[in-house]
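This report refers to the structure that appears directly beneath it.
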Amino acid sequence: MATTDRLEHRPVIEVLYIKDCPNYQGTLALVERVRAELDLHAEVRTTLIADQAATDQARFPGSPTVRVDGRDVEPASEPPTDYTVACRLYRLTHRFAGQPEERWVREALLWAAGRS
């Protein structure tokens, strides 16, 4: 009999970042913590964006960027028109922040796993 683990979709979480990004480690820790709390068998990939060519190829809006199954975790984000080797600011309810909200990461993982 098949277990539910074999039937579940295994999401791919991408954390894209630039060298010396002050928010990369915290964002990666957030992603890992939420994944563990959800007991989600997901693959976490990290990608260093080194130059403008890599930025353009990855359609990279800034560091850090978190995507789950290719979708940005920021719910209101629009596809970027400019790609940059720079830090990213996330628009929260009443402020800007250098990493995504935990709620966004959680909701993106639940969506990808088909649990929401």
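Miscellaneous remarks
- Cα-based helix-to-principal-axis angle, 24-37 vs the chain, degrees rounded to 10: 10
- Spin-label pair A36/V12, simplified geometry with 7 Å Cα→Cβ offset, distance in nm: 2.5
- What a 1.4 Å probe finds exposed on the chain is 49% carbon and sulfur by accessible area, rounded to a whole percent.
- The peptide list 88-96, 22-30, 62-70, put in order of mean Cβ contacts within 10 Å with the highest first, becomes 62-70, 22-30, 88-96.
- Using R0 = 25 Å, the C-beta based FRET efficiency linking D51 and E107 works out to 0.20.
- Axis angle, to the nearest 10 degrees, between helix 102-113 and the longest C-alpha principal axis of the chain: 50 degrees.
- Taken about its Cα centre, the range 34-116 carries a charge dipole of about 140 debye when Lys and Arg each add +1 at the Cβ and Asp and Glu each add -1 at the Cβ.
- Only Cα pairs under 8 Å and 6+ residues apart enter the sum, and on that basis the relative contact order of the chain stands at 33 percent.
- Solvent-accessible area per residue, Å², over the range 5-73 with all protein chains present [probe radius 1.4 Å]: 53
The values are calculated or read from the model by the stated rules, or taken from the named source; none is laboratory data. Computed from a prediction, not measured in an experiment: that's the story for all the values here. Positions of Cβ are backbone-derived with ideal geometry, glycine not excepted, and every protein chain shown enters the neighbour counts. Each accessible area value is taken on the protein alone, full model and side chains, heavy atoms only, with ligands, DNA and RNA left out. Shrake-Rupley method; radii C 1.70, N 1.55, O 1.52, S 1.80 Å.
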